[in-house]
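Below is one structure, written out as structure tokens, with a few remarks after it.
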Amino acid sequence: MAAEARSNDDIPPCLSVVMPVYNEEATVSTIIHSVLQQRPVKELIVVDDCSRDKTWNELQKSASDSRVKLLRHEINQGKGAAIRTGFKSATAPILIIQDADTEYDPREYHVILNPILTGKADVVFGSRFLGASGHRVLYYWHAVGNKFLTTLSNMATNLNLTDMETCYKAFKREVADVIQLEENRFGFEPEITAKLSKLKLRIYEVAISYDGRTYEEGKKVNWRDGFSALRCILKYNLFRK
């Protein structure tokens with residue numbers, strides 16, 4: 001069994017980073033630069049979901065790096081659809097989802113990858129609520145809503161996650177290949193959790209930091225997405241075999 005990596009520098013390139021992007025001109029260049037600095041990254045697949053700002057222009061600045069694949073939806077479809085497009089283009093043995101803002105830190109990839117690389121896990125969730133990792137203090141009711149949805153998801157899947165809605169989910173390639181994603185928007189999170197639970201995989205959860213942002217800074221998730229997540233918990237757990 002492989003030794004546990006203490007930093008990203010201990011891990012050779014093995015990772016496809018799938019980054020859905022929508023109207024992130026202010027942060028996308030910064031996060032791409034950070035992702036590409038990490039040694040485990042074999043490729044970065046960026047899917048622009050028909051941004052209306054200057055995001056696509058910003059993305060062109062990274063096109064010269066051979067590890068970067070730029071894809072674009074001609075019609076806005078949602079985060080889930082962008083992830084589905086990115087998964088289809090991934091070639092590395094491990095996949096991870098990376099948002100195009102700076103809330104999640106690519107320097108923590110080794111924390112996410114360790115359970116997979118040491119043979120303990122097939123899937124890893126990075127939890128914002130587990131352990132002592134730092135996080136920016138922001139919206140109380142967002143945290144309550146997240147814990148409520150995570151609890152409902154756990155009751156339906158019989159998992160004991162602390163953060164079902166986290167962006168940082170990593171998968172072995174063969175796992176990502178068999179998951180048939182359907183949800184186009186933020187319902188992707190409970191959908192994939194439900195489908196993973198039915199495959200009887202080894203799922204790990206590790207503590208990550210979280211530098212959340214305000215709505216003024218570009219945060220997109222709102223109460224409507226909470227109702228969509230609730231619908232997906234019911235749809236993919238109670239009404240699907």
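Values quoted throughout were computed directly from the atomic coordinates according to the rules given, and no laboratory measurement underlies them. Not measured: the values here are computed from a predicted model. Here the Cβ positions follow ideal geometry from the backbone for every residue, glycine too, while neighbour counts run over all protein chains shown.
Here is how the numbers come out for the structure above:
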{"read-out": "Label point distance in nm, Leu234-Arg72, each placed 7 Å from Cα along Cα→Cβ", "value": "4.0"}
{"read-out": "Least to most buried among Ser228, Ser34 (fewest other Cβ within 10 Å first)", "value": "Ser34, Ser228"}
{"read-out": "Burial ordering of Phe171, Phe148, Phe129, fewest other beta-carbon atoms within 10 Å first", "value": "Phe148, Phe129, Phe171"}
{"read-out": "Value of [θ]222 nm, deg cm²/dmol, for the chain, DSSP H segments ≥ 4, -39500 (n - 2.57) each, nearest 500", "value": "-10500 deg cm²/dmol"}
{"read-out": "J(HN,Hα) series, region 186-195, from Karplus relation 6.51 cos²θ - 1.76 cosθ + 1.60, nearest Hz, glycine and proline x", "value": "6, x, 3, 4, x, 4, 5, 5, 4, 6"}
{"read-out": "Computed over region 27-105, Kirkwood Rh from alpha-carbon pairs, angstrom", "value": "13.0"}
{"read-out": "Phi to ³J(HN,Hα) by Karplus 6.51 cos²θ - 1.76 cosθ + 1.60 over region 75-83, Hz, x for Gly, Pro", "value": "10, 5, 10, x, 4, x, 5, 5, 5"}
{"read-out": "Fewest-first ranking of Tyr140, Tyr236, Tyr204, Tyr109, using other Cβ atoms within 10 Å as the exposure measure", "value": "Tyr140, Tyr204, Tyr236, Tyr109"}
{"read-out": "Span per principal axis, largest first, for the Cα atoms of region 141-192 (Å)", "value": "35, 23, 19"}
{"read-out": "Inter-label distance for Leu36 and Ala63, nm, one decimal - labels placed 7 Å from Cα along Cα-to-Cβ", "value": "1.3"}
{"read-out": "Label zone at Cys14 (point 7 Å along Cα-to-Cβ), backbone N below 15 Å, region 30-63", "value": "39-43"}
{"read-out": "Square roots of 5 times each gyration tensor eigenvalue, C-alpha, the chain, largest first, Å", "value": "24, 22, 18"}
{"read-out": "Test item: Cα-centred dipole of region 12-237, Lys/Arg +1 and Asp/Glu -1 on Cβ, debye", "value": "560"}
{"read-out": "At q = 0.14, 0.16 Å⁻¹, base-10 log of I(q)/I(0) for region 53-180 (Debye sum, equal scatterers on each alpha carbon)", "value": "-0.80, -1.04"}
